[in-house]
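Accompanying notes for the structure given below.
The values are calculated or read from the model by the stated rules, or taken from the named source; none is laboratory data. Predicted model only: the values in this text are computed from it and were never measured. Here the Cβ positions follow ideal geometry from the backbone for every residue, glycine too, while neighbour counts run over all protein chains shown.
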Amino acid sequence: MFEWFGKINFTPHTRVTEFADHLKDGYLMGSKCRKCGFETYPPRADCPKCLSPDFEFNEISGQGTLLTHTQITAAPTGFQDIGTYRVGLLDLKEGGRLLAWIGESIGEDEVKIGMQLQVVPRIFEDTPDIKVYYTLEKPGTTWNKAPKPGAATP
Ligand SMILES: [Zn+2]
């Protein structure tokens, strides 16, 4: 039962469910309050600042500053097969914080608090349910994104 624990990002069916669809397409979508303009990531259906339920999805860059990091050597249940891995807490440029794995583009001796990093969404497998995790990579790292709806095709 615990092999999926911590690996599956459960997104309940709410007004922000579309977040998972955007993520699957490679887009990091936060919410922007239509009343006061407050932005959050991940998206929140009700504004934490003015409590308005009127929001729109807003793509964020995923760029940010590394606040802290650590190396996990005694992995929790479900991660034993992965062994030692690194995680970092990113202070997002657009606001909010995100905990993610430190990706392979960052060498062990390169990790420094205060360094600029890029959040990259990683999809486990193509299923109707979203199974995603994030890695922190060097600025400028790109990943596959689906064409935006209505975008001109070449
Ligand atoms: Zn608001």
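One table, with the values for the structure above:
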{"item": "Segment 40-63 - residue that is in contact with a Lys or Arg (Cβ under 7 Å, 6 or more places away or on another chain) and closer than 14 Å to residue 121 by Cβ and, of those, nearest to the ligand (Cβ to nearest atom)", "result": "61"}
{"item": "Failed criterion for residue 114 (all others in (1) more than 16 Å from the ligand (Cβ to nearest atom); (2) surrounded by fewer than 17 Cβ atoms within 10 Å (Cβ to Cβ); (3) on the phi < 0 side of the Ramachandran plot hold)", "result": "(3)"}
{"item": "Enumeration of residues in segment 17-34 that are under 23 Å from residue 143 (Cα atoms) and either within 16 Å of the ligand (Cβ to nearest atom) or β-branched (Val, Ile, Thr) (or both)", "result": "17, 30, 31"}
{"item": "Filter result (surrounded by 12 or more Cβ atoms within 10 Å (Cβ to Cβ), farther than 22 Å from residue 29 by Cα and more than 20 Å from the chain's Cα centre (by Cα)) within segment 40-94", "result": "75, 78"}
{"item": "Qualifying residue in segment 68-87 (condition: more than 16 Å from the ligand (Cβ to nearest atom) and under 24 Å from residue 148 (Cβ atoms))", "result": "no"}
{"item": "Test: residue in segment 137-149 that is crowded, with 17+ Cβ neighbours inside 10 Å, modelled with pLDDT of 85 or more, in contact with a Leu (Cβ under 9 Å, 6 or more places away or on another chain) and not acidic (Asp, Glu)", "result": "no"}
{"item": "Among (1) surrounded by 12 or more Cβ atoms within 10 Å (Cβ to Cβ); (2) within 16 Å of the ligand (Cβ to nearest atom) - the single one residue 37 does not satisfy", "result": "(1)"}
{"item": "Inter-residue pairs, beta-carbon under 6 Å, first under 25 Å from residue 99 (Cα atoms) and in segment 33-44, second within 7 Å of the ligand (Cβ to nearest atom), 6+ apart", "result": "33/47; 33/52; 38/47; 38/49"}
